[in-house]
Amino acid sequence: GAVVSQHPSRVICKSGTSVKIECRSLDFQATTMFWYRQFPKQSLMLMATSNEGSKATYEQGVEKDKFLINHASLTLSTLTVTSAHPEDSSFYICSARHVTGELFFGEGSRLTVL
Amino acid sequence: DAKTTQPTSMDCAEGRAANLPCNHSTISGNEYVYWYRQIHSQGPQYIIHGLKNNETNEMASLIITEDRKSSTLILPHATLRDTAVYYCIVRVGGGNQGGKLIFGQGTELSVKP
């Protein structure tokens, strides 16, 4: 099946710094990608829908200035957690929509903010 | 909000069929039911999806009731590697081509020797 890759898989940063996570569709083009966040023992929570060439659509309660999303090409979307704090520590997962409509998920990126 | 409810956890004996139920009583006519699973600290893995007919693939079978208010995922011969959290999801908006997946709480399936 199609492959979606996230980088980095793990990142540790200091409080107050910004962290960028990349989501790439390796063998297909994705006009739409999705970003989720998952806390321990909880389900995935949809944060935003990322559309190539346009602004992302954020779910209710998600701060768009805190979580910057850029979808500059058909194979790459990035999520930047700005001024990260310990409560932002989480597992961030992206998915990409194939032209067939299928949704493929990345392996996730674990962020730890000290 | 998620449109599905599932039992929090289930056990299954290795080699037996695992039947995972899901309620989606508010599903709309063009909304698909999807099943994914997640093994600890990994991304979700697609299993199967359907609209109103029963579906089968190499991983599982999906049985959807005639009124579409509930469904059951069947793993015919569960193995230890099937231990995971199983999510039943109604794809919201856009049919099978568009829309988004809103995850519920899922069922933690433990397959035991």
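The values are calculated or read from the model by the stated rules, or taken from the named source; none is laboratory data. The structure presented is a predicted model; accordingly, all values stated were derived computationally and were not measured. With ideal geometry, Cβ positions are generated from the backbone for all residues, glycine too; neighbour counts draw on all protein chains shown.
The table that follows gives values for the structure above.
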item	result
Where B:Cys88 falls short, out of the listed (1) under 18 Å from B:Thr26 (Cβ atoms); (2) surrounded by fewer than 20 Cβ atoms within 10 Å (Cβ to Cβ); (3) more than 11 Å from chain A (Cβ to nearest Cβ); (4) not small (Gly, Ala, Ser)	(2)
Selected residue (criterion: surrounded by the fewest Cβ atoms within 10 Å (Cβ to Cβ)) from residues of segment B:96-113 that are part of a loop (DSSP other than H, G, I, E, B) and more than 8 Å from chain A (Cβ to nearest Cβ)	B:Pro113
First in segment A:1-18 and within 13 Å of A:Phe91 (Cβ to Cβ), second anywhere and of a type in the set (Asp, Glu), Cβ under 8 Å, 6 or more apart	A:Gln6/A:Glu22; A:Gln6/A:Glu107; A:Ser9/A:Glu107
Count of residues meeting criterion [among the aliphatic types (A, V, I, L, M), surrounded by fewer than 21 Cβ atoms within 10 Å (Cβ to Cβ) and over 30 Å from A:Leu111 (Cβ atoms)] in segment B:28-47	0
Subset of segment B:1-21 (residues that are crowded, with 19+ Cβ neighbours inside 10 Å, within 14 Å of chain A (Cβ to nearest Cβ) and not in a loop (DSSP other than H, G, I, E, B))	none
Output for segment A:1-24, where each listed residue is modelled with pLDDT under 95 and either surrounded by fewer than 12 Cβ atoms within 10 Å (Cβ to Cβ) or part of a strand (DSSP E or B) (or both)	A:Gly1
Residue count, segment A:42-59 (criterion: assigned to a loop (DSSP other than H, G, I, E, B) and either surrounded by 16 or more Cβ atoms within 10 Å (Cβ to Cβ) or facing another protein chain (nearest Cβ under 10 Å) (or both))	5
Residues within segment B:28-81 that are charged (D, E, K, R), closer than 30 Å to A:Gln6 by Cα and not in a strand (DSSP E or B), tallied	3
Out of A:Ser73, A:Ser109, sole residue that is within 14 Å of chain B (Cβ to nearest Cβ) and either on the phi > 0 side of the Ramachandran plot or not aromatic (Phe, Trp, Tyr) (or both)	A:Ser109
Segment A:85-114: number of residues that are closer than 25 Å to A:Leu74 by Cβ, surrounded by fewer than 17 Cβ atoms within 10 Å (Cβ to Cβ) and of a type in the set (A, V, I, L, M)	1
